[in-house]
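Only one structure is covered here, and it is reproduced in the block below.
The values are calculated or read from the model by the stated rules, or taken from the named source; none is laboratory data. Note that the structure is a prediction, hence the values are computed from the model and not measured. No Cβ is skipped: glycine too gets one built from the backbone with ideal geometry, and neighbour counts run over all protein chains shown.
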Amino acid sequence: MQLDRQIVHAELWHVQVGRANLYLMDTDVAQNAPWDRELTHRLYGGDQEMRIKQEIVLGIGGVRALRALGINPAVWHMNEGHSSFLILERIRELVENDLSFEDAVAAVRATSVFTTHTPVPAGHDAFPFHLVEKYFWHYWERLGLDRESFLALGQHQQEWGSAFNMTVLALRHAAHTNAVSILHGQVSRRMWNNVWPRVPEDEVPISAITNGVHLPTWMAGSMGRLMAKYLGADWLENHDNPALWTRISDIPDAELWEVRQHLKRKLTGFIRERARRRHIAGETDPEQVLTAGTFLDPEALTIGFARRFATSISARRWFFMTSSGSSGCSMTLTALCSLSLPVKPIRPMIRENI
């Protein structure tokens, strides 16, 4: 990828997650400048310039990585606006294969799906025009556009002025957009109504698909057996029937709590053993061992965050006080690491300028 006047290389890693293939891009390679090697080190860090470079790697680099692997998706799904630059890369491919810009946009839109998550405007990436120009000055001509036409693709009025909004870029170039719950759909239609100023709020083309999980995969076996015992052996086949869940109170509190505590003890034991093995292998320093949940107490209320503790969340709201003035719970803020999965580099290493 070209970032300003630098060529940035990325290696690919492959993780087999069940039947799914996960590909990860890594810019920490010898060909890159030291500051570019850090682009994929961490998420949600750095300033806007770091952010736009990361999203170029994800969006434009992601398309080129899949092409290099021989993977040609029939539909491209963007989860939040972080990957929206893939729209530009896909348009570029088609324009350079002799399609007009208008026909390329139509083809890309017909095969793009977008999911929006964040219910507040401040949570959507928007870059000042001078920053977009710095990293795309060489790019808009390849789409057959001038500067103004290129910037208009994502132009949106922010509280601080006009900027290139990644969510708006995706909204304008996806055939289907969804929020992640019915309420969030209402919030999103109201928040993005200005993208379709002539459309009534309730007709803004953002539908709602409520987030969910594949229950047999995510529910522990011991909890599933408890459900079968009190809800019937066929509960899984009927689990999306609301009437089934009116019988959840038939499960005795003591039995439900015992299963819950068994699973919690199992989790804390796993965390401690994993921390011990990593320490023995020299992968962590003592402070990291302590903060990785080594001292988690199965009898204490533990609230874990699987991502950053955002400044928009007030930690004080998570505490409550007893009448004696002491804290009513023991709270541990910890980063719980995911299960270990085999990660391997893709060989031969892809050396194209992706």
Practice problem: Quick one: which helices (runs of 4 or more DSSP H) lie wholly within segment 99-174 and hold at least 1 residues that are under 23 Å from the mean Cα position of the chain (by Cα) and not hydroxyl-bearing (Ser, Thr, Tyr)? | Solution: 101-110, 129-136, 166-172
Self-check item: Selection count where residues are surrounded by 14 or more Cβ atoms within 10 Å (Cβ to Cβ), part of a helix (DSSP H, G or I) and touching a residue at least 12 places away in the same chain (Cβ under 8 Å), scope segment 192-203
Solution: 1
Quiz item: Could you list, in sequence order, the residues of segment 204-233 that are farther than 30 Å from ARG190 by Cα and assigned to a loop (DSSP other than H, G, I, E, B)?
Solution: HIS214, MET219, ALA220, GLY232, ALA233
Exercise. Residues being more than 19 Å from the chain's Cα centre (by Cα), among the small types (Gly, Ala, Ser) and under 19 Å from LEU66 (Cβ atoms): count how many of those fall in segment 2-45.
Key: 1
Quiz prompt | Selected residue (only one of VAL29, VAL15 is part of a strand (DSSP E or B) and surrounded by fewer than 19 Cβ atoms within 10 Å (Cβ to Cβ)) | solution = VAL15
Quiz item: If the Cβ limit is 6 Å and pairs must be 6+ apart or interchain, which residue in segment 1-23 that is farther than 17 Å from GLY61 by Cβ pairs with which residue that is small (Gly, Ala, Ser)?
Solution: none
Quiz item: Which is surrounded by fewer than 16 Cβ atoms within 10 Å (Cβ to Cβ), assigned by TED's automatic domain parsing to the domain that holds LEU94 and more than 18 Å from ILE60 (Cα to Cα), of ALA152, ALA179?
Solution: ALA152
Quiz item: Is at least one residue of segment 71-89 assigned to a helix (DSSP H, G or I), loosely packed, with under 15 Cβ neighbours inside 10 Å and among the polar types (S, T, N, Q)?
Solution: no
Quiz item: LEU69 versus (1) in contact with a helix residue (DSSP H, G or I) (Cβ under 8 Å, 6 or more places away or on another chain); (2) on the phi < 0 side of the Ramachandran plot: which is the lone unmet condition?
Solution: (1)
Quiz item: Taking the stated definitions as given, is ALA208 under 30 Å from LYS53 (Cα atoms) and touching a strand residue (DSSP E or B) at 6+ places or on another chain (Cβ under 9 Å)?
Solution: no
